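Worksheet: the structure to be examined is printed underneath.
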Amino acid sequence: MRGIVPFLWFADNNAEEAVNYYCSVFPGSRVVHIQYYPDEKLDPHFEGMAGKVLTCEFELDGRRLMAMDGGPHFRLSEAFSLLVECEGQEEIDFYWERLSHVPESEQCGWCKDRFGLSWQIVPRDIGRLMATDAAVRKMTGMKKIVIRELEAAK
C-alpha cells in the first residue's frame, strides 16, 4: 500500500486557485502535477468541464494531497478538516489569519477558509494544555486558540 491521501473535491471549480493559495501559505509546499479535463467534444461525460482541474497532486509541508474541480454535486464540510499542529501562539496566529474566512464557522480552533475547507489550528502540545476540566471549558468558549489563556485556566 502506498499510503492514504486526502482528496479534496472543489464544488465551485476553484481547485487550482485553492491549491496555489495553500502552497503559498505553507512552507515546503508545491504543486506536483495538474491534469485538466479533456475537451468535452472528446468525451460528453465532461460537459462543461473542459480546461478545469481533473486531478491536482500537491504537497503541503511535505504531505501529499489531491484535489479536483468536481462541480456542484458535493461540497466540502466541517465533517472533514486538516489539522495544523503549531509550535506556539505566533504560528497559530499566522495560520489563523491566512485560513479563517468564515467567522460563523470558528470554534475551538476550527476555522473555514474562503474555499470551504475546514482547518484545525492547534498547538502541537494540545493534549498537555487540555489536561484540566477548566482548560477544556476555556477552550470551548474560544474561536482561535489562545495558549496563555489555556495555561492560565485552573
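The table that follows gives values for the structure above.
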quantity: Distance between region 17-79 and region 99-125 - C-alpha centres, whole angstrom; calculated: 21
quantity: Cleavage-rule hits, trypsin sites (Lys or Arg not before Pro), region 62-103, DSSP coil, Cβ neighbours within 10 Å at most 15; calculated: Arg75
quantity: Whole-Hz ³J(HN,Hα) from phi, Karplus 6.51 cos²θ - 1.76 cosθ + 1.60, for region 48-61, glycine and proline x; calculated: x, 10, 3, x, 8, 6, 7, 8, 9, 9, 8, 10, 10, 6
quantity: Reachable lysines from Lys52, criterion Cα separation under 29 angstrom, eight or more residues apart if same chain; calculated: Lys41, Lys112
quantity: Neighbour cut-off at most 16 other Cβ (10 Å), DSSP loop, GluC sites (Glu not before Pro), region 4-98; calculated: Glu40, Glu47, Glu78, Glu87
quantity: Whole-Å semi-axes of the ellipsoid equivalent to region 79-154 (Cα gyration tensor, √5λ, descending); calculated: 21, 12, 10
quantity: Cα gyration tensor category, rounded, prolate or oblate, for region 7-69 with a/c compared to 1.5; calculated: prolate
quantity: Summed residue charge, Cβ within 14 Å of Val136's Cβ, Lys/Arg positive, Asp/Glu negative; calculated: +1
quantity: Angle between the chain longest axis and helix 15-25 axis [Cα atoms, degrees, rounded to 10]; calculated: 40
quantity: The chain - Kirkwood radius from inverse mean 1/r over Cα pairs (Å); calculated: 17.0
quantity: Net charge over other residues, Cβ less than 11 angstrom from the Cβ of Asp69 (K, R count +1; D, E count -1); calculated: -2
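Taken together, the values in this text are just the output of simple stated rules run on the coordinates, not laboratory data. All values reported here derive from a predicted model rather than from experimental measurement. Cβ coordinates were reconstructed from backbone atoms using ideal geometry, including for glycine residues, and neighbour counts include every protein chain displayed.
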